[in-house]
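I have placed the structure first, in the form of structure tokens, so that the comments after it can refer back to it.
The values are calculated or read from the model by the stated rules, or taken from the named source; none is laboratory data. As the structure is a prediction and not an experimental result, all values here were calculated from the model. Positions of Cβ are generated from backbone atoms using ideal geometry, with glycine treated the same way; all protein chains shown enter the neighbour counts.
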Amino acid sequence: MQDDYLTRCVVDPVKRKFYLYSEQGDEKVLDCETVDQFMSVLELCRAVLGEALRRLQADWRLALSGTPLENHLGELHAQLSVVLPGLLGSERQFQERFARPVEAGDATVRRSLKALVQPFLLRPMSVYGVGPEAGTIEFLYNDVTVIIGLVYTVILFMIVPLVSTLDGMDDSLVEAGYNLGGSGFTVLRRIIVPYAMPGIVSGCIVVFMLTAGSYLTPILLGGKNSSWFTEQIYDQFITRFNWESGAAFGFLLLAFTSTVIWLGLKLSGQTLANTVAKS
């Protein structure tokens, strides 16, 4: 791969191809046969790009990121190696000294890294707590926050089919229950709940599918330490380029959700056609 073709590089991870362009606009296509070969070329391109950025002559440098949560601490090193070359050492030194201990939960190393980078950050870095205000927002990046966020985003999909089902209920059924001597709890258990069961099952199916397939809410509220299934799938496909594992995880998620829905329909005595009609 010649330096003349490293002016611009377009990566196609699906086809494992690199489209290299020279300053004159000439194109050269590099086709990788294996994932390992693709990753090796990708790392080379990243290294060349990083070296070119570090050679830029400027009075001051500013690194901006549009990612609300970094994928890993390596992104912090990538940005600061351009803005302040040498501050965090080489990539290997950074991994051994900071990244691995911090990601393993070493609070002492985390505080050391925070003290080192804090003067140069304009806003907090998010996931591993190395920013200026890290540790002040304890409500984020835990399982409780993820659950609250998911409930907030999907609760309407439970209410709508339930209300739609109960809206068609004849009031005379409730009145007959009371006239026959039933208490409020008995009327609820013997009349209202059985009538609303299709709407309940329909809402549960929709909410379960949306929750199981949710990616944005867990990643924003739970951080990269969360182990949501969709995050694992994304990590295999996008971060690791491991298509086989990503496809396997996706199939497992499909099989798991299908099994849960089937069991729910069997246990509730409902049919899929009936619940879909109520949704």
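Report whether or not Leu220 is touching a Leu at 6+ places or on another chain (Cβ under 8 Å), part of a helix (DSSP H, G or I), surrounded by fewer than 19 Cβ atoms within 10 Å (Cβ to Cβ) and at negative phi.
Yes; evaluated as a whole, the condition is true for this residue.
Confirm whether Phe208 is part of a helix (DSSP H, G or I) and free of Cβ contacts under 8 Å to residues at least 12 places away in the same chain.
In short, no.
Taking the stretch 240-258 only, how many residues are assigned to a helix (DSSP H, G or I) and either of a type outside the set (A, V, I, L, M) or closer than 19 Å to Asp12 by Cα (or both)?
11
Of the conditions (1) exposed (fewer than 13 other Cβ atoms within 10 Å of the Cβ); (2) among the hydrophobic types (A, V, I, L, M, F, W, C); (3) within 24 Å of the chain's Cα centre (by Cα), Phe237 clears all except one; give me its number.
Condition (1) is where Phe237 drops out.
Please go through the stretch 141-194 and pick out each residue that is of a type in the set (S, T, N, Q), within 41 Å of the chain's Cα centre (by Cα) and in a loop (DSSP other than H, G, I, E, B).
Residue satisfying the conditions is Asn142 alone.
All but one of (1) assigned to a helix (DSSP H, G or I); (2) modelled with pLDDT of 85 or more; (3) not charged (D, E, K, R) hold for Ser214, so report the exception by its number.
Only one criterion in (1) assigned to a helix (DSSP H, G or I); (2) modelled with pLDDT of 85 or more; (3) not charged (D, E, K, R) is unmet by Ser214, namely (1).
Determine, yes or no, whether Leu20 is part of a strand (DSSP E or B) and surrounded by 13 or more Cβ atoms within 10 Å (Cβ to Cβ).
yes
Pick from the stretch 61-107 the residues that are outside any helix (DSSP H, G or I) and acidic (Asp, Glu): which of them is modelled with the highest pLDDT?
Asp106
For Thr275, only one of the following conditions fails: (1) touching a residue at least 12 places away in the same chain (Cβ under 8 Å); (2) hydroxyl-bearing (Ser, Thr, Tyr); (3) more than 27 Å from Thr165 (Cβ to Cβ). What is its number?
(3)
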